[in-house]
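Take a look at the structure below.
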Amino acid sequence: MIAIAAPAGPVDPEKLEAGIAWLRELGFEPAVRDDLTAQRGYLAGDDERRAAELMHWIGDDRAEAIVCARGGYGCHRIVSLLDADRVRRAGKALVGYSDVTTLLLWQLRCAGLSGIHGPMLERDHSAATGEALAALLLGDVPPPLEGKPCVPGRREGRLVGGSLTLVAASLGTPWEIDTRGAILLFEDVAEEPYAVDRTLHQLRAAGKLDELVGVGVGQMVGCEGSRHPTPTVHEVLDEMLTPLGVPVVLDLPFGHCASHLPWPVGGRAIVDGERGLIELLESSVTSVGG
């Protein structure tokens, strides 16, 4: 059984039904609580409801994994209400991206448990997306993520990251991203090039780019300048990432797009900057230490 939770923004009932049908097509049986479509402004109900829903499924032995219905905003508000020890003991796959980056980073840092940066139920997905998600949930290692070569080299490390904005928002929190010896993967949506520039400089100032072994950039959707056509977001990425001296791959198939391929947050992988690949070495959920 696959549980569906709404830890962030309110859920559209029609999109929810389409997402449930999609999970069934993949061979899973979805389960929802009656309060899944609750709404409080830009939140899927109050903080207590959203946290209780997530912990309910953590404690339900029938639920083998939890897929988030959508992102939006709200995950920052509930992490203090979650029980890291229970999350670690349950060892369940949590699937999501965008605002759910916060929960994935939290459980990696505070519960010592990897998760899946992967598709949610608010948009249509490609056949490849479904196949890769099913593979991860069933414990198999899916094919490599294929992007565009940028900086050559081949290194192995842990995969960390998610939404670039939420990665930066983790700084100074108990779930602050740990990039030592890691391959940083990130994507974003509707962030102008100057904002991406600022966020990367913030991460550099915080020392988060110093000990990376590689970088992979997903889809930067709608990240064009409204007033200044240059530099483009790819020019910003080139300026910031090339001097790091580590393998870099661009235009990987994950993020706010139909071909959103999943990857394990905290799982080990190889970044190949010459061939433009992220080769996954681990699947699904693993305990990664304290």
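The values are calculated or read from the model by the stated rules, or taken from the named source; none is laboratory data. Source: prediction; values computed, not measured. Here Cβ is always computed from backbone atoms with ideal geometry, including for glycine, and neighbour counts include all displayed protein chains.
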Which numbered condition THR173 misses (of (1) hydroxyl-bearing (Ser, Thr, Tyr); (2) surrounded by fewer than 20 Cβ atoms within 10 Å (Cβ to Cβ); (3) in a helix (DSSP H, G or I)): (3)
Considering residues of segment 21-66 that are among the β-branched types (Val, Ile, Thr) and free of Cβ contacts under 8 Å to residues at least 60 places away in the same chain only, the residue nearest to PRO10 (Cα to Cα): THR37
Answer residue from segment 91-118, given it is crowded, with 21+ Cβ neighbours inside 10 Å and among the small types (Gly, Ala, Ser) and is nearest to THR179 (Cα to Cα) among those: SER114
Residue list for segment 257-267, restricted to those being crowded, with 24+ Cβ neighbours inside 10 Å and either more than 20 Å from ILE177 (Cα to Cα) or under 10 Å from the mean Cα position of the chain (by Cα) (or both): HIS260, LEU261, PRO262, TRP263, PRO264, VAL265
Residue within segment 109-124 that is touching a strand residue (DSSP E or B) at 6+ places or on another chain (Cβ under 6 Å), outside the structural domain of ALA169 (by TED's automatic domain parsing), closer than 28 Å to HIS234 by Cα and of a type in the set (Ser, Thr, Tyr) present: no
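Let's see how each residue does on (1) assigned to a loop (DSSP other than H, G, I, E, B); (2) buried (at least 21 other Cβ atoms within 10 Å of the Cβ); (3) modelled with pLDDT under 95:
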residue: GLU211; (1), (2), (3): yes, no, no
residue: GLY216; (1), (2), (3): no, yes, no
residue: MET240; (1), (2), (3): no, no, no
residue: GLY255; (1), (2), (3): yes, yes, no
residue: ARG275; (1), (2), (3): yes, no, no
Filtered residues of segment 183-209 (kept if surrounded by fewer than 17 Cβ atoms within 10 Å (Cβ to Cβ) and either assigned to a loop (DSSP other than H, G, I, E, B) or of a type in the set (Ser, Thr, Tyr) (or both)): ALA190, TYR194, ALA206, GLY207
